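Q: The structure's right below; bear with me while I get my questions together.
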Amino acid sequence: MHSLLFSDRDSFKAQALFLGKKIDLQKLENYDCLATMPVMVKVGEYGCAVLLNYGVVVLFNLEPQEKVAFLRGLSSLVYDSFSHPETEEVEVHLNVVESERVKEGKIFLRELSVERLQIVADILAKSVVLSHYEISIAAVFDQIEPFAASLQSENRSRRQSRELLRQLGTTLLVQHKIVGRVEIIDKPELLWESPQLENLYLRLEDEYEIRERHNALERKLELITQTAQTVLEFMQHSSSQRVEWYVVILIVVEILLSLYDIIFKR
């Protein structure tokens, strides 16, 4: 039988926060654990939180002061924290009559069970991670277009090339993050134990366009990779050309010196 929460209410707020690159769940202490895969703990008087090791926490039914206190206590477990965490909020409602879905920006569930809230947390966490990287990659795209145009110009700056490559390299780490650690398009392990919740997961996944946004991000990452390869080839070609000119100049100098010896030292 599923564990039920919030028996005294039929609606509350959920908020996902992308706090940093990692949360060390091994050091999480002094909280009553309600579930694992993902980890859910009791917070405050009537609230709870789901924590994902890739840096996201999802809060359910927390008062403002409870939220502040919890995040303050959690800060020491967050690695490479963001100064302005990406957030996403939604209202969760109990509705035993209608089908489970998202309607008018609200999530409707048949029961407020631990397992259902874990599913909600998984989707919100993936959504907030996607939002974070959609913004960062958009910023890189703003720089790619003018630089790509400058590849045909003679007034190219090598410092500009190296700076862009540095930014592209940083951006390519996103692919490792969302594929290797967050596993955006993978179903949560919880569904192996609760397969009856798969329809809820798929419906929320569709409502938040998780797969579509992931695929769009993958296409942009692929374009960035191609741009990086083009820039590297250009820089290597330029370096090769300079080496060739250095060799030519040395040969010419050697010939001139030889002619000097022949003409003036006979």
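Q: Which value, in Å² rounded to 10, gives the accessible area of Glu189 with a 1.4 Å probe and all protein chains present?
A: Counting only protein heavy atoms, Glu189 exposes about 110 Å² to solvent.
Q: Give me, ordered by chain and number, the residues 5 or more places off Lys22 or on other chains with an amide H under 5 Å from its own placed amide H.
A: It is Tyr79, by chain and number.
Q: Segment 11-112: Rg/Rh from Cα coordinates, Kirkwood Rh?
A: Value, to two decimals: 0.99.
Q: Something else: Once Lys and Arg get +1 and Asp and Glu get -1 on their Cβ, which of Leu17, Val39, Ser81 lies farthest toward the positive end of the dipole of segment 11-112?
A: Of the candidates, Ser81 comes out farthest on the positive side.
Q: While we're on this one: So, with +1 on the Cβ of K and R and -1 on the Cβ of D and E, and no other charges, what is the size of the charge dipole of segment 11-112 about its Cα centre, to the nearest 20 debye? Provide the component values of the computation, followed by the final result.
A: On the way: 11 positive and 15 negative charges, 35 e Å.
Value, rounded to 20: 160 debye.
Q: Quick one: what Rg and Dmax do you get for segment 52-121 from the alpha carbons, in Å?
A: Final numbers for Rg and Dmax: 14.5, 44 Å.
Q: Further, regarding this structure: Which length gain, in nm to one decimal place, applies between Leu25 and Val114 when the Cα-Cα distance is subtracted from 0.36 nm times their residue separation? Could you put the intermediate results ahead of the total?
A: Working: separation 89, 0.36 × 89 = 32.04 nm, distance 1.88 nm.
Between Leu25 and Val114, full extension yields 30.2 nm more.
The values are calculated or read from the model by the stated rules, or taken from the named source; none is laboratory data. Values in this document were obtained by computation on a predicted structure and should not be read as measured data. Heads up, the Cβs are rebuilt from the backbone with ideal geometry, glycines too, and the neighbour counts pull from every protein chain shown. Quick note on the areas: whole protein, heavy atoms, side chains included, nothing else; ligands and nucleic acids left out. Shrake-Rupley method; radii C 1.70, N 1.55, O 1.52, S 1.80 Å.
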